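Student: What follows is a structure written as structure tokens; I'll ask about it next.
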Amino acid sequence: MICERCKQQPASVHYTEVINNQKRQMYLCPGCAEEAQKAFDLGAPLNLHNLLAGLMGPGGVKEVPEDEAEFLCETCGLSGAAFGQSGLLGCGGCYQYFGERLEPLLKRIHGSIRHTGKVPQRSRNKYLLIQEVDRLRAQMREAVEDEEFERAAALRDAIRDLQQRLA
């Protein structure tokens, strides 16, 4: 598809605008999209970095309390202020250091902090068995805590059966 504005470059940006229930769509090349962004005063370009920074609150760093802004990841040295501005983590260790701050963000983005996405069809049955084993183990722990040992033994046997099917 060719850019609707310059009619020369391939369009790679899909722009949709809805004003007063009037929808307008444009397919633009990156250069025209940048010009249109300036002309429409759309603010910062919408990309993953800005989206994450925006989800953390308007102004990013302005909402970071002073004590958090000074908080640094021990592995890569990323500060809370830098994370608030960019929305990007510096390393795998940042998940641990910024964990409490990430959980509300992940809940807003995904609706949960636990991955519940799709499972490939070829792995689906195995995945469901693993989930069932985890569920039965939790029930078995509860049964032991409640001193319901016969129920715990039945759950243990059920877990063994499922594990044999997994092997």
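Student: Which lysines have a Cα lying under 25 Å from the Cα of LYS7, excluding residues fewer than 8 positions away in the same chain?
Tutor: The qualifying lysines are LYS23, LYS38.
Student: Now a separate question. Rounded to the nearest 0.05, what FRET efficiency is calculated for ILE130 and HIS110 with R0 set to 22 Å and r the Cβ-Cβ distance?
Tutor: The computed FRET efficiency comes out at 0.55.
Student: By accessible area of protein heavy atoms, probe 1.4 Å, what ranking do SER12, SER123 get, highest first?
Tutor: Values: SER12 85, SER123 45 Å².
Reading off the accessible areas and sorting them downward yields SER12, SER123.
Student: Express the Stokes-Einstein translational diffusion coefficient of the range 96-167 in µm² s⁻¹, to the nearest whole number, given a Kirkwood radius over alpha-carbon pairs, 37 °C and a viscosity of 0.692 mPa s.
Tutor: Diffusion coefficient, whole number: 224 µm²/s.
Student: Please give, to one decimal in nm, the separation of the simple spin-label points placed at ARG137 and MET26, each 7 Å out from Cα toward the Cβ.
Tutor: So the label points at ARG137 and MET26 sit 5.5 nm apart.
Student: Excluding residues on the same chain fewer than 8 positions from LYS118, give the lysines whose Cα lies under 16 Å from its Cα.
Tutor: LYS126
Student: Here's another thing I want to ask about it. What distance in nm separates the simple spin-label points at GLU145 and GLN96, each placed 7 Å from Cα in the Cβ direction?
Tutor: 2.6
The values are calculated or read from the model by the stated rules, or taken from the named source; none is laboratory data. Predicted model only: the values in this text are computed from it and were never measured. Note that each Cβ is placed from the backbone with ideal geometry, even for glycine, and that neighbours are counted across all protein chains shown. Only protein heavy atoms, including side chains, enter the accessible area calculation; ligands, DNA and RNA are left aside. Shrake-Rupley method; radii C 1.70, N 1.55, O 1.52, S 1.80 Å.
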